[in-house]
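Enquirer: My questions will all concern the structure given below.
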Amino acid sequence: MQKLRLLLLPFSWLYWLAVKIRNLLFNINVLHSFEFDLPTICVGNITVGGTGKTPHTDYLINLLKNNYKTALLSRGYGRKTKGFRIVVQTSLTVEVGDEPLQLKLKHPDVACAVHEDRLSGVVELVGDFPDTQVVVLDDAFQHRWIKAGLNILMVDYYRPVYSDFFLPAGNLRDSISEIKRANIIIVSKCPESLTIQEQQLIAKRLKIKQNQDIYFTSVNYGKPKAVFGNYEDCFFNPNTTIFALAGIANPKPFILQLEKNYKLVGKKTFADHHNFTVKEILSIFEVASNDVKLVTTEKDAARIRGLNLPSDIKSRIYYLPLEVYFINNDENRFNSQILNYVGENKQNSNLYQE
């Protein structure tokens, strides 16, 4: 792996140069950012995949939707369509992407759309849902044509950006110096045992400024739920036989959770955003005994729901939900910061150039 990285480093330098030039053009206003005169919250990262954007976006929507008309805009990564498309509960992942569909299924009362051009996407989204009071932008930190009112940057505890390389030798897709554009930095997937001293060291290595806030989060896994069901908790015992299936960036924590609580008899992993086929699902059950249950991730469940599977197979497929929690009991501080930002900003859809 180290040799491969060395071979790829020249390409990483070229990528770094292109990113630096692009950011410079925005910084000196050769390229112009636009800002909406209504609250916009961006949840993004500077690395590829696996930082926990989706569960944190889910947390944000839960926090906001009871007080404000909330809308979500995503690129819809992995979809086969182009342009603006409203996400509904009957959408397919090939039409809108897995993460937007996952969030729409959890929040049917929240307006949700996808567009690769975030600027045009917000215009169309607010046009179709004129009562929108706050827009959550999923994975838009690098989309600098929009200047979000509040930027939340995700950093994976186990993949620290200060020890990474630019693509393709590493996982960085933006410069570490761009951390300065974030209002909030969230270090995700932290161990429960993370000490205050370790948190302070991470903040120092990320070069957190006085005008920035840093939070540390982890996740709790819930009870399995039926993929093709009413989403109620299913109670498995420690002897329940499980086959794990995942198509996410980092399946290790998910698989470890299953191993810890149930009897894991097999596992199969695919690349992030993998589009499962009926054949792939059926092949698992061809070799599994009749009492084995297939358990997948919440994001993968959104893709599997669109498959035309036999009813007896559907009844044996479950997903493991997860939710974010804040270390140091910092959720009240975070919640107040988000709600104060939204409450203090104008709520109309005017657009102006920076």
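Enquirer: Does Lys209 meet the test of being open to solvent by 70 Å² or more (accessible area, probe 1.4 Å), outside any helix (DSSP H, G or I) and touching a helix residue (DSSP H, G or I) at 6+ places or on another chain (Cβ under 7 Å)? Explain how you work it out, then say what you get.
Expert: Working: open to solvent by 70 Å² or more (accessible area, probe 1.4 Å): yes; outside any helix (DSSP H, G or I): yes; touching a helix residue (DSSP H, G or I) at 6+ places or on another chain (Cβ under 7 Å): yes.
Considered against the rule, which asks whether it is open to solvent by 70 Å² or more (accessible area, probe 1.4 Å), outside any helix (DSSP H, G or I) and touching a helix residue (DSSP H, G or I) at 6+ places or on another chain (Cβ under 7 Å), Lys209 comes out as yes.
Enquirer: Quick one: count up the residues across the stretch 212-229 that are more than 19 Å from the chain's Cα centre (by Cα) and in a loop (DSSP other than H, G, I, E, B).
Expert: Of the residues in the stretch 212-229, 6 are more than 19 Å from the chain's Cα centre (by Cα) and in a loop (DSSP other than H, G, I, E, B).
Enquirer: Would you mind telling me which numbered condition in (1) surrounded by 15 or more Cβ atoms within 10 Å (Cβ to Cβ); (2) in contact (Cβ under 8 Å) with a residue 40 or more places away in the chain; (3) not in a helix (DSSP H, G or I) Glu192 fails?
Expert: (1)
Enquirer: Something else now. Could you please find all residues in the stretch 145-189 being among the aliphatic types (A, V, I, L, M), assigned to a strand (DSSP E or B) and in contact (Cβ under 8 Å) with a residue 60 or more places away in the chain?
Expert: Ile146, Leu150, Ile152, Leu153, Met154, Val155, Leu172, Ile184, Ile186
Enquirer: To continue, here is another question. Would you pick out the residues in the stretch 300-330 that are more than 26 Å from Leu63 (Cβ to Cβ) and in contact with a strand residue (DSSP E or B) (Cβ under 7 Å, 6 or more places away or on another chain)?
Expert: Hits for the stretch 300-330 are Ile304, Arg316, Ile317, Tyr318.
Enquirer: Only one residue in Leu282, Leu264, Leu309 is modelled with pLDDT of 95 or more, farther than 29 Å from Leu194 by Cβ and outside any helix (DSSP H, G or I). Which one? Write out each step before concluding.
Expert: Working: Leu282 fails: outside any helix (DSSP H, G or I); Leu264 fails: farther than 29 Å from Leu194 by Cβ.
Selected residue: Leu309, the only one of Leu282, Leu264, Leu309 that is modelled with pLDDT of 95 or more, farther than 29 Å from Leu194 by Cβ and outside any helix (DSSP H, G or I).
Enquirer: A further question follows. Within the stretch 315-336, work out how many residues are surrounded by fewer than 16 Cβ atoms within 10 Å (Cβ to Cβ) and in a helix (DSSP H, G or I).
Expert: Residues flagged as surrounded by fewer than 16 Cβ atoms within 10 Å (Cβ to Cβ) and in a helix (DSSP H, G or I) within the stretch 315-336 amount to 6.
Enquirer: Can you report the number of residues in the stretch 238-261 which are over 18 Å from the mean Cα position of the chain (by Cα), free of Cβ contacts under 8 Å to residues at least 12 places away in the same chain and either closer than 24 Å to Thr57 by Cβ or not in a helix (DSSP H, G or I) (or both)? I'd like the intermediate steps shown before the answer.
Expert: Keep residues of the stretch 238-261 that are over 18 Å from the mean Cα position of the chain (by Cα), which gives 238-245, 255-261.
Going one step further and asking which of them are free of Cβ contacts under 8 Å to residues at least 12 places away in the same chain, we end up with 256, 259-260.
Still in the list and also either closer than 24 Å to Thr57 by Cβ or not in a helix (DSSP H, G or I) (or both): 256.
Counting residues in the stretch 238-261 that are over 18 Å from the mean Cα position of the chain (by Cα), free of Cβ contacts under 8 Å to residues at least 12 places away in the same chain and either closer than 24 Å to Thr57 by Cβ or not in a helix (DSSP H, G or I) (or both) gives 1.
Enquirer: Now, a different point. Filter the stretch 82-96 for residues that are open to solvent by less than 30 Å² (accessible area, probe 1.4 Å) and touching a residue at least 24 places away in the same chain (Cβ under 8 Å) and give the result.
Expert: Of all residues in the stretch 82-96, those open to solvent by less than 30 Å² (accessible area, probe 1.4 Å) come to 83, 87, 91, 93, 96.
Once the filter is applied, which keeps residues that are open to solvent by less than 30 Å² (accessible area, probe 1.4 Å) and touching a residue at least 24 places away in the same chain (Cβ under 8 Å), the stretch 82-96 yields Gly83, Val87, Thr93.
Enquirer: Out of (1) touching a Phe, Trp or Tyr at 6+ places or on another chain (Cβ under 9 Å); (2) touching a residue at least 40 places away in the same chain (Cβ under 8 Å); (3) open to solvent by 40 Å² or more (accessible area, probe 1.4 Å); (4) at negative phi, the odd one out for Asp117 is which?
Expert: Of the numbered conditions (1) touching a Phe, Trp or Tyr at 6+ places or on another chain (Cβ under 9 Å); (2) touching a residue at least 40 places away in the same chain (Cβ under 8 Å); (3) open to solvent by 40 Å² or more (accessible area, probe 1.4 Å); (4) at negative phi, the odd one out for Asp117 is (2).
The values are calculated or read from the model by the stated rules, or taken from the named source; none is laboratory data. This is a predicted model, so every value here is computed, not measured. A quick note on method: Cβ atoms are made from the backbone with ideal geometry, for glycine too, and the neighbour counts reach across all protein chains shown. Accessible surface areas use protein heavy atoms only, side chains included; no ligands, DNA or RNA. Shrake-Rupley method; radii C 1.70, N 1.55, O 1.52, S 1.80 Å.
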